[in-house]
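Each remark here refers to the structure printed beneath this line.
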Amino acid sequence: MSTAIINISSLVTNDPSLGEGPLGLIQDAAVVIDDDRVAWVGETSKAPATDNAVDAEGRAALPGFVDSHSHLVFAGDRTAEFNARMSGQSYSAGGIRTTVAATRAATDEQLEANLLRYLGEALRQGTTTLETKSGYGLTTRDEARALRIAAAHTEEVTYLGAHVVAPEFAGDPEAYVALVTGEMLDACAPHARWVDVFVERGAFDGDQARAVLTAGRAKGLTPRVHANQLGHGPGVQLAVELGAASADHCTHLTEADVDALANSGTVATLLPGAEFSTRAQWPNARRLLDAGATVALSTDCNPGSSFTSSMPFCIALAVRDMGMTPDEAVWSATAGGAAALRRDDLGRLTPGARADLALLDAPSHVHLAYRPGVPLVSAVWKKGVRAL
């Protein structure tokens, strides 16, 4: 069955060859969906005949958001930590251990219910692809079950046994690295596509991170790195050196870091929800973009430092506080996220791409930044099926 979505006021294709500017904008547009793929895009007046038609009634349309960094397999609540931080206490990586205790105590059913809740929440805000990580178990059993639960509901699953050193190994971090690169990796690799590590004071240093990423790569997992969030460090350079798909956070960068990202295939994934929720320094997206780096936007949805699943909110923050234009922010939240996941079938509305798209109760994608906090997503198609 084929379906045409017609009378779209402004369609973001993310293909400059199809329309105006870097977003490939088409006015008074239509999208034809056949099975789970985009079959055709163009002006409504030129749309081919289809089995069904949906009238967008002058709404804007864009690719479904690609959220390439989240932590959704967890239990518990960190309201008290957030409240304390907003009262003047600084954020540090150690808060993760609070969630570890709650996650270990939760049943599989509780963890899955939480995951489904946040996946549904994200979908209602236009997110059609969402990467998520382990990292709140920190034992072989708990990391493997987190990945198994995640893999049942999303294609993009990341092994993050190296989130922080497990409390049982506080006095012997090297023994924990040995576990993460050995027995734990063996149990987790079959359920994951990616391997990640938090390279930060209070988490893992450069040598430890290299060991984790190298071991994961030997098991067929592609690296991605939590890099340079809380201060300057080796994360970005290590990510580029090892061919990581993305270096995520990128808040504290030297000129050498910016140059390395701009001259590599590693995407700089910016996570403004974390800075918003911790009152930290904003990443400088303008600096990265002007240097020629590929930039993605993501939510970093997690219970401690960025408890938002809203890509529209992150777009608004990026435009307001990180130096991005609305066009750049929308591209980074769609095509940029796809690049961070090394997916060429997502983040665009072009023939052959997966039919993931969102309609907005607005005439233009610019309203995502222009009307922050307003629930603009009115309909979502995922894999060619209307999901909202």
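The values are calculated or read from the model by the stated rules, or taken from the named source; none is laboratory data. These numbers come from a predicted model, not from an experiment. Counting neighbours? That spans all protein chains shown, and the Cβs are built from the backbone with ideal geometry, glycine included. For accessibility, only protein heavy atoms count, side chains too; no ligands or nucleic acids. Shrake-Rupley method; radii C 1.70, N 1.55, O 1.52, S 1.80 Å.
With loop defined by DSSP as not H, G, I, E or B, and exposure as at most 13 other Cβ atoms within 10 Å, which is the longest segment of the chain clear of exposed trypsin sites (Lys or Arg not before Pro)? Display every interim value, and only then the final one.
Numbers: sites that count: R201, R279.
Formally, the longest exposed-site-free interval is 1-200.
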### Query
Can you give the relative contact order of the chain as a percent, counting alpha carbon pairs under 8 Å and 6+ residues apart?
20
### Query
Gaussian network model of the chain, Cα springs within a sub-10 Å range: biggest mean-square fluctuation belongs to which of M86, M322, M311?
M86
#### Entry: Inter-label distance, nm, simple model (7 Å from Cα along the C-beta direction), W282/A152
4.1
### Task
List, in order, the whole-Hz ³J(HN,Hα) value for each residue of the range 263-280 obtained from phi through the Karplus relation with A = 6.51, B = -1.76, C = 1.60 and θ = phi - 60°; use x for Gly and Pro.
10, 9, x, 8, 7, 8, 9, 9, 10, x, x, 5, 5, 4, 7, 10, 6, 9
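Please find the FRET efficiency linking T79 to H232, where r is the Cβ-Cβ separation and R0 is fixed at 25 Å, and quote it to the nearest 0.05. Working shown, then result.
Working: r = 31 Å, r/R0 = 1.24.
With a Förster radius of 25 Å, E is 0.20.
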#### Entry: Accessible area expressed per residue, the chain, with surrounding protein chains retained (probe 1.4 Å, Å²)
37
### Whole-number percent relative contact order across the range 104-155, with pairs defined as alpha carbons under 8 Å at least 6 apart
43
### Query
Within straight cross-link reach of K219, meaning Cα distance under 26 Å, which lysines are found once same-chain residues fewer than 8 apart are removed?
K133
## Note on the structure
For the range 130-146, Karplus-derived ³J(HN,Hα) couplings (6.51, -1.76, 1.60; θ = phi - 60°; whole Hz; x for glycine and proline) come out as 9, 7, 9, 10, 7, x, 10, x, 6, 10, 4, 4, 6, 5, 5, 6, 4
## Note on the structure
Counting only DSSP beta bridges fully inside the chain, the antiparallel percentage to nearest 5 is 50
#### Entry: 0 to 90° range, to nearest 10: angle between helix 311-321 axis and the chain longest Cα axis
80
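Quick one: grab the alpha carbon gyration tensor of the range 140-264, order the square roots of its eigenvalues as a ≥ b ≥ c, and give me rounded if a/c is under 1.5, else prolate or oblate depending on whether a/b is larger than b/c. Don't skip to the answer; put the middle values down first.
Values: a/c = 2.00, a/b = 1.37, b/c = 1.46.
Oblate is the answer for the range 140-264, as a/c is 1.5 or above yet b/c matches or exceeds a/b.
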### Query
If one takes the longest principal axis of the Cα atoms in the chain, at what angle in degrees, from 0 to 90 and to the nearest 10, does the Cα axis of helix 96-105 lie?
90
### Query
Relative to the present Cα-Cα distance, how much length would full extension add between A387 and D290 at 0.36 nm per residue of separation?
31.2 nm
#### Entry: Apportionment of accessible area to carbon and sulfur, the range 260-388, percent (1.4 Å)
52
